[in-house]
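So the structure is just underneath, and the comments pick up after that.
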Amino acid sequence: MSREIVDALAERFGASAALIQRSAEARASAQGSAPEAVLNAWAGGSPSPAIPTPAVAEATEPETVTPEPVAVEAIDPQEPEEALVRPEQGVAPAEAPAAPTPIAAAVLPAPAAMNEPAPMPGGTLSSLLLGAVAIFAIMFIAAVIAPASPGNAQTLDAVDQIVLSAGAEHGREVYLAQGCAFCHTQQVRPVVTDADLGIVTLSESPLVPGLRRNGPDLTHIGSRQPTDDSDWLTGYLGDPEATRAGRNHASFGYLSTGDMEDLVDYLLESK
Amino acid sequence: MVAETHHNSASSTAIDSDSIARRHVLLGTAFLLLAGFLTLMQFLKGVFPAFLDGLGFWTYGRLRPMATAVTVFGWLTPTLIGAAYYLVPRLSGAPLRFRKLAAFNVWYLAGVVLLGTGAVGLGAGDGFELFEFPPWADVLLLVGLIVPAVVVTATLRYRSNVAPPASLLYTAAAIVWLPVIAAVSNLPGLNPVGISLLSSFTTAAVHYLWIVGAALGISLYLVPQLTEQPLFSEQTARIGFWTLALAGGASGYSRFTHGPAPDWLETTAIVLGLVLVVVAITAFGNATATVGGRWDLVQSSVPLRFALAATALLPVPIVLSALAGFRSVASIIGLTAWWDGTSFFLLFGIGGWIAAAFIYAALPRMLGRDLFDDHLAEWHLRLTMIGVMSTSAFLWLTGLIAGFTWTGGTYSGAYVNTGDGFAQTLDAVSLLQSLTLVGVVITFIGQLVHGYVIYRTITSGTPIAHEILVPAEADGE
């Protein structure tokens, strides 16, 4: 390819020479002509002659001109005028002749195609997006719905299941709204670390498992001392420093009396 | 339609897609500063829970979900949506559809995030990460997330290319996945364990399908653009995409290894966590191969460095998450700060760097002004790199030490991991927690620099010619 023409076009279109060259090659490949002819045509010469090619070959050509990001950006200066028109560069005179569209044509549809928008029937992208959502749906059903089904419930007949009182149920909501679960877990795992924490938590537990243990696990807090005492818990949550100095725990003294009582009930019933 | 000469302002009466993208980006940046501040306060309260004690909205338990919500839905989501609005017309060859709706949605999203975060601060949160807004706010948020999906899918109906480039596939799928994730996040009829499992699923889905998915879409667009090299391999990128689609959500159950979930679900999560490594490898390989022999450009282009930092470091959180899912590993680091380190890296590292890459590459074009100062942008990269990596590293270390300390107490019988015994285990990590706080402060300073660069670019950037796409007047509305 003529380097001079490429450079001139690069300067004219405000794109890099490499992009101009690739665009020309893509255009030439798409229309079955030589890159030099395309460049000449863009530079204002005679239109590039098309090289006759078999129909089958043409049918397979679109793959070769699928716009890569580079190619698409390269045509930004030459957006199809009636659909996506980019204002001219600030230094260009307003009355400058309309820029030719060869680069755009190589990677974007003809202006008419965008000026008279017509939805593409189905097509690859729609199918791909549907596929992506379908995979999500399948994984969601397999990983969320299926584990919640009765067949997957983990229960131990020998262990009494906790049944929370109405107050404790509301206390659990207070526990969640205050973000207690961001520091305390209520899940005992079958690992050495949790060996001293009590009976292992199963999937039917009404307690909030939590995912982070900044503070101690509270699964069986209602059956430990001194936290099995309502007054002690109320005092500690209201003013931790006064009840146990140096423990570095947030105060929940701002809770209403009802909320505090229910929260304490929830903790006491966590056994 | 006439071609107009622009320097600083878009005079077109129609709303152009770049203008809508710009509004999203600027909204996201404003929320970034709030997210950074709330995150700093969250970590401060984590180290000093009694600091400014007695105020409900100032407790760690409320600050943490507030910070997370503002980070994900206030900062990253609008920024990534803005990036999608910038990329989709360019990659599809079709003008953005429903532009007025998209423009309105910027303010709508801002209002919903503020309302929802305020509600959490007032004690109305539901306590389950990541969609912890009260139900009414979650519904409003869902509406705000449906809009970009509608706009993008409607736009794509008019695309000119049958075979979309991988960057368009990632971007469009991420935009479509997000409202689907939000829609299923409040599934009724589950007990607390079921809700926790669901929460793990949706959190991982937001992290990987939305944030990482959109980030890779942007990266696949930016890296070839900035290096002026064609993408090394579309096929590799597509392999990564389908792997992401398969493993993005369910791998989140790794956090529940040994927890109250069926064993087969744990095993599935462990396997999918490993599968997710393929995404990181394909992204890393594709980016580095695309740069090829143009590493000299990495030295001169700040957005390229941000994009490559995000892509090259993506394997870190993914591999560490996969590792953490193994039963032997989870028995030590499960329920520790390890997972916080991974989340921090994903949100402020991968998400933040790719958002910055996009902003530094595209905002000058959208504003018609040169970036105010490349050196300051470079400092943004350095500070956030140091801040994010040190914060995450200290959190990972904190998790390891805490896990071993808990286990050590049980083995030795020296203390029980409750009450005073647990308080002893906290002493072992107190220094690391303070160092983590330092890392967060450095990250926040980097974010302030980022905000300053954008502010000065708007007010004092050297005018350049616009490169916005001005739509045809009757098109798309």
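No value in this document is a laboratory result; all are computed from the given coordinates. This is a predicted model, so every value here is computed, not measured. Here Cβ is always computed from backbone atoms with ideal geometry, including for glycine, and neighbour counts include all displayed protein chains.
Quick look at the values:
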item: Peptides B:259-268, A:204-213, B:334-343 ordered by average Cβ neighbours within 10 Å, highest first; result: B:334-343, A:204-213, B:259-268
item: Using alpha carbons only: equivalent-ellipsoid semi-axes of segment B:235-288, gyration tensor based, whole Å; result: 26, 9, 7
item: Span per principal axis, largest first, for the Cα atoms of segment B:128-260 (Å); result: 51, 34, 23
item: Residue mean of other protein chain beta carbons inside 10 Å, B:381-389; result: 0
item: At least 30 Å along the helix axis (C-alpha) and Kyte average at least 1.0, DSSP helices within chain B; result: B:17-47, B:99-121, B:135-156, B:263-291, B:430-460
item: Vicinal HN-Hα couplings computed from phi for segment B:248-253 (Karplus, 6.51 cos²θ - 1.76 cosθ + 1.60; Hz; Gly/Pro x); result: x, x, 5, 5, x, 5
item: Globularity ratio of segment B:304-374, using Cα Rg and 2.2 N^0.38 Å; result: 1.50
item: Mean separation of Cα contacts under 8 Å (6+ apart) over length of segment B:17-460, as relative contact order %; result: 15 percent
item: Other protein chain Cβ atoms within 10 Å, averaged over every residue that makes up A:237-250; result: 3
item: Rounded Å value of the spacing that divides the Cα centres of segment B:162-191 and segment B:403-460; result: 32 Å
item: Projected-area average for segment A:166-268 over all orientations - Cα convex hull basis, square nanometres; result: 6.5 nm²
item: Mean Cβ count within 10 Å, highest first, over the residues of peptides B:272-280, B:66-74; result: B:66-74, B:272-280
item: For B:Arg369, distant residues with modelled amide H under 5 Å away; result: B:Ile464
item: Volume in Å³ per residue [convex hull over Cα atoms, computed for segment B:265-394]; result: 116 Å³
item: Residue mean of other protein chain beta carbons inside 10 Å, A:170-183; result: 6
item: Hydrodynamic radius (Kirkwood) for chain B, which is based on Cα pairs only, to one decimal in Å; result: 22.8 Å
item: Interatomic Cα distance distribution for segment B:339-477, bins of 10 angstrom, percent; result: 12, 28, 21, 17, 11, 7, 4, 1
